[in-house]
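Novice: For reference, the structure I am asking about is given below.
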2 protein chains.
Amino acid sequence: MHDFIFHNPTRIIFGRDKEREIGAELKAAGVRKVLFVYGLNSIVRSGLFGRIVASLRESGIEFVEFGGVVSNPLLSHARQGVALARAEQVDAILAVGGGSVLDEAKGIAVGALADEDLWAFYEGREVERALPLFTVLTIAATGSEMNGNSVITNEATKAKWNISSIHVYPKVSILNPALTCSVPPDYTAYSAVDAIAHVIEGYFTKQPGSRLQDRLVESVIRTVIETTDLIMEDPDNYAARAEFAWAATLALNGLTPAGIGPYGFPNHMIEHSLSALYDIAHGAGLAIVMPAWMRWYSGRTHTPSQFDRFSVEIFGVRGAAAGIDALEQWFRKIGAPVRLAEAAIPGEDIERIAENAARLAKRWRLGDAYPAAVIAEILQLAA
Amino acid sequence: MHDFIFHNPTRIIFGRDKEREIGAELKAAGVRKVLFVYGLNSIVRSGLFGRIVASLRESGIEFVEFGGVVSNPLLSHARQGVALARAEQVDAILAVGGGSVLDEAKGIAVGALADEDLWAFYEGREVERALPLFTVLTIAATGSEMNGNSVITNEATKAKWNISSIHVYPKVSILNPALTCSVPPDYTAYSAVDAIAHVIEGYFTKQPGSRLQDRLVESVIRTVIETTDLIMEDPDNYAARAEFAWAATLALNGLTPAGIGPYGFPNHMIEHSLSALYDIAHGAGLAIVMPAWMRWYSGRTHTPSQFDRFSVEIFGVRGAAAGIDALEQWFRKIGAPVRLAEAAIPGEDIERIAENAARLAKRWRLGDAYPAAVIAEILQLAA
């Protein structure tokens, strides 16, 4: 087991109707005025927007609306949010939405207190402060509700880069699984793929050992698979939505990698280029990348036994190839694309995608292992 | 899945030699002077005391020594600690030791800022503030390093009662698994039993469902069993000590019961009377109580399938009886007592023990399910 620091101060309030408590939580934290960040008007139509506003008013919290966050959130829009947060002198950010809304809200929280443009932090400058962030989650997938990660796309350079900082962990995150019942089957599938991808990166790329962490990962994957199957049968299955949501949170809240030592995020690294260049859903891109990367990596890893273990523990089959096939088959079953063409990405673009991903590989210090030629080789397996 | 709040703000610093960072951590938190709480002089002989003092001096942190905490820590001693903390006007508590030291330090942290005697809080008064607590762990078992629990024995009334509050979660806990290598085989065994007991309570007494939490529990138990076996072969196996330590922390940090709904701590409830009356190690008492309680409860539970599941998942055997036998056999193997007589507790004392435990049952609102007669019936199974 390697040395580690574990620190996750986010307070999770989990359950039906809990969004009604957001005003009281903000008031208890001494917040006076928030920037209310959200995405589409669907939260207005669903009534969620109204319930949040009622809760804010009841607690005397002022708010400034800032909607329009898109999936794969954009730097230009985040910059508008920063300008608004400053002009309105808000003292906290309230994000209501899925991972994209939360990610952009984190960027705004950082930018609002910074002297420099917020992209500097996505390029590597250390985050030293941020406005406090409060969230109400509507799509369970990214774990952003309980971590310090934010991914934003710079549309000018097509760079989909990230920050990771203790200062942008939400103070409070409200998870009402009932809010996720309206997530349609395709996005439910992408969310499942994303949660699985979060735990698989460390599971396969770490050093050997760490039996507890392996088990935690397998617990998360099995739960995601089982609950996704139940949700596909009945989208309103609250129990399944709830277990799925909590599994997705634990998949990227620091629990599973604690003590595993150095590891990489190669699947995310490659996928970020797909969604930056083609604006596909992150989970859809991961469903394409993961089986390809696993086929490529399973022949090269210093711990091939980890693939054997995965195959047995998750799918009850023997050998790396059978386990990867089973995962790909399950992705197909739930409706996620597993080939570039299934997401309308032309095979002839592979070189261009690989060049883009190689930039991020360098940013993440994976440049030696993943030059553009290697990334292209992996992507060929998804052609 | 039931509604829940999860909030665990403790920062864990895990790894070799990390105790050397305690001074810097205190300084970074703005601490000026600490009450340095510990137990036996063994930490002086081992050199740990000297390393901590050097770290404090290096960071300019003043300290007042307060040693002498015993296993099953006593109210009278905690009261002395409160008086000293007040007289010396410390602004934080530093606890260096195992669960007993940490538990008493939490009591002192509460008492130092309270107008009333600290026992009032163990009797049920809500904790509203406490001095900040920092810890360096030397025995991994109780999870006290990452939770808000404290158990203290009132020697006048023989009541071993507890508080549970967000205000006594340690701010920082340092876990250097190498420090636990000197824990002798008997206390290593008791620690293993304690960690298993922490997750088993909720696992068996909750409502059905919550597949992720069941898996997390099973992950912890399997890891504790495997690493304990390795430690018994080689007490200096750092990797095993490390995995054991982290498993013990996760066993009682709020992770496994999140979302499982109402559940009880009947084994702890009964055991607290054993260690309050006979001053035996808590884990030794649990090794006696658990198989007895499991045999009694498995015939009465509304979810007998949970015992079948336990038997298969943990020991690969079929049926409740076989699983409980296997657990008891494993307790015997690692050297934990599994009958009252093995801890020199006379069978004729069962009524007296049951009366004591029935008081705690009422305090924990388990009085209807566990009147003294029922507790005596359970204890007869350990006679």
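Novice: Which of (1) within 14 Å of chain A (Cβ to nearest Cβ); (2) under 16 Å from B:Ala141 (Cα atoms) is the odd one out, the single condition B:Glu271 does not satisfy?
Specialist: That leaves (1) as the condition not met.
Novice: Let me ask you something else. Identify the single condition in (1) on the phi > 0 side of the Ramachandran plot; (2) touching a Ser or Thr at 6+ places or on another chain (Cβ under 6 Å); (3) of a type in the set (Gly, Ala, Ser) that A:Ala344 does not satisfy, given that it satisfies every other one.
Specialist: Failed condition: (2).
Novice: Still on this structure, please answer the following. Return a yes/no flag: does the stretch B:223-239 have any residue that is within 9 Å of chain A (Cβ to nearest Cβ), assigned to a helix (DSSP H, G or I), modelled with pLDDT of 95 or more and in contact with a Pro (Cβ under 9 Å, 6 or more places away or on another chain).
Specialist: Looking through the stretch B:223-239, at least one residue is within 9 Å of chain A (Cβ to nearest Cβ), assigned to a helix (DSSP H, G or I), modelled with pLDDT of 95 or more and in contact with a Pro (Cβ under 9 Å, 6 or more places away or on another chain).
Novice: Just one of the numbered conditions (1) at pLDDT 95 or above; (2) away from every other protein chain (no Cβ under 14 Å); (3) out of contact with any helix residue (DSSP H, G or I) (no Cβ under 6 Å at 6 or more places or on another chain); (4) closer than 29 Å to B:Val220 by Cα is not true of A:Gly254; which one?
Specialist: Only one criterion is unmet by A:Gly254, namely (2).
Novice: If you go through the stretch A:347-362 one residue at a time, how many are among the hydrophobic types (A, V, I, L, M, F, W, C) and surrounded by fewer than 16 Cβ atoms within 10 Å (Cβ to Cβ)?
Specialist: Selection size over the stretch A:347-362: 0.
Novice: Given the condition over 20 Å from A:His268 (Cβ atoms) and in the same structural domain as A:Leu286 (by TED's automatic domain parsing), answer yes or no: does some residue in the stretch A:357-368 qualify?
Specialist: There is no residue in the stretch A:357-368 that is over 20 Å from A:His268 (Cβ atoms) and in the same structural domain as A:Leu286 (by TED's automatic domain parsing).
Novice: Now for a separate question. Looking at this structure, is A:Ala95 assigned to a strand (DSSP E or B) and of a type in the set (Gly, Ala, Ser)?
Specialist: yes
Novice: Answer yes if at least one residue in the stretch A:193-203 is of a type outside the set (A, V, I, L, M, F, W, C) and either free of Cβ contacts under 8 Å to residues at least 40 places away in the same chain or over 29 Å from A:Val110 (Cβ atoms) (or both), and no otherwise.
Specialist: Yes, that holds for at least one residue.
Novice: Applying the selection to the stretch B:364-383, what residues are of a type in the set (D, E, K, R) and either surrounded by 16 or more Cβ atoms within 10 Å (Cβ to Cβ) or within 19 Å of B:Met294 (Cβ to Cβ) (or both)?
Specialist: If we filter the stretch B:364-383 for residues that are of a type in the set (D, E, K, R), which is where we start, we get B:365, B:368, B:377.
Hit for the stretch B:364-383 is B:Glu377, nothing else.
Novice: Answer yes or no as to whether A:Ile314 is within 14 Å of chain B (Cβ to nearest Cβ) and in contact with a Lys or Arg (Cβ under 6 Å, 6 or more places away or on another chain).
Specialist: Criteria not met by A:Ile314.
Novice: Given (1) surrounded by fewer than 24 Cβ atoms within 10 Å (Cβ to Cβ); (2) among the polar types (S, T, N, Q); (3) at the interface with another protein chain (Cβ under 9 Å from one of its Cβ atoms), identify the lone condition not met by A:Ser182.
Specialist: So the condition that A:Ser182 fails would be (3).
Novice: Quick one: is A:Ile12 touching a residue at least 60 places away in the same chain (Cβ under 8 Å) and either more than 14 Å from every other protein chain (Cβ to nearest Cβ) or touching a strand residue (DSSP E or B) at 6+ places or on another chain (Cβ under 8 Å) (or both)?
Specialist: Here the answer is yes, as A:Ile12 does meet what is asked.
Novice: Can we say B:Arg332 is more than 30 Å from A:Thr249 (Cβ to Cβ), part of a helix (DSSP H, G or I), free of Cβ contacts under 8 Å to residues at least 12 places away in the same chain and not acidic (Asp, Glu)?
Specialist: yes
Novice: If you don't mind, another one. Tell me which of these B:Thr138 doesn't satisfy, since it passes every other one: (1) among the polar types (S, T, N, Q); (2) crowded, with 18+ Cβ neighbours inside 10 Å; (3) outside the structural domain of B:Arg363 (by TED's automatic domain parsing); (4) under 16 Å from B:Asn253 (Cα atoms).
Specialist: Just one mismatch for B:Thr138, condition (4).
Here is a yes/no grid of residues against (1) closer than 17 Å to A:Ile196 by Cα; (2) of a type outside the set (Asp, Glu); (3) surrounded by 22 or more Cβ atoms within 10 Å (Cβ to Cβ); (4) under 23 Å from the mean Cα position of the chain (by Cα):
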{"position": "A:Ile288", "(1), (2), (3), (4)": "yes, yes, yes, yes"}
{"position": "A:Trp293", "(1), (2), (3), (4)": "yes, yes, yes, yes"}
{"position": "A:Arg309", "(1), (2), (3), (4)": "yes, yes, no, no"}
{"position": "A:Leu327", "(1), (2), (3), (4)": "yes, yes, yes, yes"}
{"position": "A:Ile345", "(1), (2), (3), (4)": "no, yes, yes, yes"}
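Novice: For the subset of the stretch A:361-383 comprising residues that are in a helix (DSSP H, G or I) and of a type outside the set (A, V, I, L, M, F, W, C), which member is modelled with the lowest pLDDT?
Specialist: Going residue by residue through the stretch A:361-383, those that are in a helix (DSSP H, G or I) are A:361-363, A:372-380.
Okay, now just the ones that are also of a type outside the set (A, V, I, L, M, F, W, C), so A:362-363, A:377, A:380.
On the way: A:Lys362: 92, A:Arg363: 87, A:Glu377: 98, A:Gln380: 98.
Among them, the one singled out is A:Arg363.
Novice: Restricting attention to the stretch A:291-340, which residues are basic (Lys, Arg) and at pLDDT 95 or above?
Specialist: Passing the criteria: A:Arg295, A:Arg309, A:Arg318, A:Arg332, A:Lys333, A:Arg339.
Novice: Please go through the stretch A:57-84 and give me each residue that is part of a strand (DSSP E or B) and without any contact (Cβ under 8 Å) to a residue 60 or more places away in the chain, ordered by number.
Specialist: The initial filter retains those residues of the stretch A:57-84 that are part of a strand (DSSP E or B), namely A:62-66, A:74.
Matches in the stretch A:57-84: A:Glu62, A:Phe63, A:Val64, A:Glu65, A:Phe66.
Novice: Follow-up. Take the stretch A:335-360 and flag every residue that is outside any helix (DSSP H, G or I) and free of Cβ contacts under 8 Å to residues at least 12 places away in the same chain.
Specialist: Passing the criteria: only A:Pro346.
Novice: So is B:Thr157 away from every other protein chain (no Cβ under 14 Å), of a type outside the set (Phe, Trp, Tyr) and in contact (Cβ under 8 Å) with a residue 60 or more places away in the chain or not?
Specialist: No: the conditions fail for B:Thr157.
Novice: Still on this structure, I have one more. Pick from B:Glu233, B:Glu218, B:Glu243: which is of a type in the set (D, E, K, R), within 30 Å of A:Val217 (Cβ to Cβ) and free of Cβ contacts under 8 Å to residues at least 12 places away in the same chain?
Specialist: On inspection, the qualifying residue turns out to be B:Glu233.
Novice: Looking only at the stretch B:349-379, count how many residues are out of contact with any helix residue (DSSP H, G or I) (no Cβ under 7 Å at 6 or more places or on another chain) and under 18 Å from B:Ala276 (Cβ atoms).
Specialist: The total comes to 5.
Novice: Does B:Glu271 satisfy the condition of being under 13 Å from the mean Cα position of the chain (by Cα) and either farther than 21 Å from B:Ile12 by Cβ or of a type in the set (Phe, Trp, Tyr) (or both)?
Specialist: Details: under 13 Å from the mean Cα position of the chain (by Cα): yes; either farther than 21 Å from B:Ile12 by Cβ or of a type in the set (Phe, Trp, Tyr) (or both): yes.
So B:Glu271 fits the description; yes.
Novice: While we're here: (1) assigned by TED's automatic domain parsing to the domain that holds A:Gly47; (2) modelled with pLDDT of 95 or more: which one isn't true of A:His198, the others all being true?
Specialist: Exception for A:His198: condition (1).
Novice: Please count how many residues of the stretch B:15-53 are within 9 Å of chain A (Cβ to nearest Cβ), farther than 15 Å from B:Gly97 by Cα and surrounded by 15 or more Cβ atoms within 10 Å (Cβ to Cβ).
Specialist: 1
The values are calculated or read from the model by the stated rules, or taken from the named source; none is laboratory data. Here the structure is a predicted model, which means the values were calculated and not measured. Reconstructed Cβ throughout: ideal geometry from the backbone, glycine too, with neighbour counts over all protein chains shown.
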